[in-house]
Each structure stands twice: as C-alpha cells, then as structure tokens.
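K.L.:
Next up is a structure, given as structure tokens.
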Amino acid sequence: MKPHIAAFAALTLLIAPAAFAETTVEHVWVRATSGLGRVTAGYGVIANTGAKADKLLSVTTPDAKMAEIHESKNQMARGGVISMEPVNAVPIPAGGKLDMKPGGFHVMIMQLSRPLKAGETLPLVFKFEKQGAVKVEAKVAPLGAAGYPAN
C-alpha cells in the first residue's frame, strides 16, 4: 500500500467512530385513532451504544402537519395532576437508552392526514444531534394499547 493511501486509511479509521453516534430507534409504535381522530402518541426505545452522548432534537412524519416531543409529569405539588409539556431536546447518554412510553417521554403527532387503523404503519423520522436522521416505520397498535404490539 502506498504511504499516502495508508495514512488516509488510518486517519479515516480514527475519525469515523468519533464522527457518528451509534443511536438506534426500535420497537416504535403509535395508537390507532378513533373515528376521524387526527392526534396520536408515539413510543419506542432509543439506545445509544456509542462512546459519546447524543440528543433527540425532533421527530417528523410526512403523514402529519406537526409532531412534538413531550414529557408527561405527575405534579405532586398540584394534587397529583398529570401534565404534558413539549421539550426542545432529550439527551441520550453514551451507553444509555430512553424508553419512550405512556406516562413519560413520547411523541405527540397532530393534524394527521388520515385516521390510523391497527395493523398499519406510520413513517417517522427521528432527528439526532450526532446520528442525524433515523427513519422508522411505527406499528399502529389498537386504540387502548399500553405497549408495543405483538404482531
């Protein structure tokens, strides 16, 4: 191997692992909508197996006008009232994971272009600070589902 090619290959091996996070999005699901309902919530597991922290910045779908990352909180000081608030970003620590589930972090998907029926899929794009865009197909679970659909 020529010296300049070997140097380039070595430099590429040193830079590549640090340049990209190893963030994955799995077990993504949303609830079906009722009637002509145009709002649903999305859940899933985000894992960062990389050596550097990453950050979830946004989630989009071509099938809705709006999607926001939200966090549900139990406001004990307000009599145990559950509140839901949008967040700008969610850190995903190196070697850590975020379990987006009912009662915690989730994606609110609003102004859907169509009703969602159980068994369908909904395309979502999770955008991360380091990983960039991660495209997934969310499974549509029945309206009252509490977790990732078995089928």
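K.L.:
Just to confirm a number: summing +1 for Lys and Arg and -1 for Asp and Glu over residues other than residue 68 whose beta-carbon lies under 13 angstrom from that of residue 68, what do you get?
P.N.:
Result for the local shell: 0.
K.L.:
Kirkwood Rh, segment 39-102, all Cα pairs: how many Å?
P.N.:
Radius from the Kirkwood sum: 13.5 Å.
K.L.:
Convex hull over the alpha-carbon atoms of segment 66-151: what's its volume per residue in Å³?
P.N.:
About 143 Å³ per residue, rounded to a whole number.
K.L.:
Separate question: Can you pull the one-decimal nm distance between simple spin-label points at residue 22 and residue 58, each 7 Å off the Cα toward Cβ?
P.N.:
Reported label-point gap for residue 22 and residue 58 is 2.9 nm.
K.L.:
Continuing with this model, one more query. Full-extension gain between residue 68 and residue 83, please, as 0.36 nm times their residue separation minus the C-alpha to C-alpha distance.
P.N.:
This chain segment gains 3.9 nm when fully extended.
K.L.:
Residue-wise, which Karplus ³J(HN,Hα) couplings in Hz belong to segment 130-147, taking 6.51 cos²θ - 1.76 cosθ + 1.60, θ = phi - 60°, and x for glycine or proline?
P.N.:
9, 5, x, 7, 10, 8, 9, 10, 7, 6, 8, 9, x, 3, x, 4, 10, x
K.L.:
So who's got an amide H within less than 5 Å of the one on residue 130, skipping anything under 5 residues away but keeping other chains? H placed 1.01 Å off N, in plane.
P.N.:
55
K.L.:
Next question. In the structure displayed, which of 65/97; 73/130; 52/139; 73/117; 101/127; 97/117 lie more than 25 Å apart, Cα to Cα?
P.N.:
Result: 65/97; 73/130; 52/139; 73/117; 97/117 exceed 25 Å.
Readers should treat all values here as calculations from the given coordinates under stated rules, not as data from a laboratory. Remember, predicted model here, so these are calculated numbers, not experimental data. Glycine also receives a Cβ, built like all others from the backbone with ideal geometry; neighbour counts cover every protein chain displayed.
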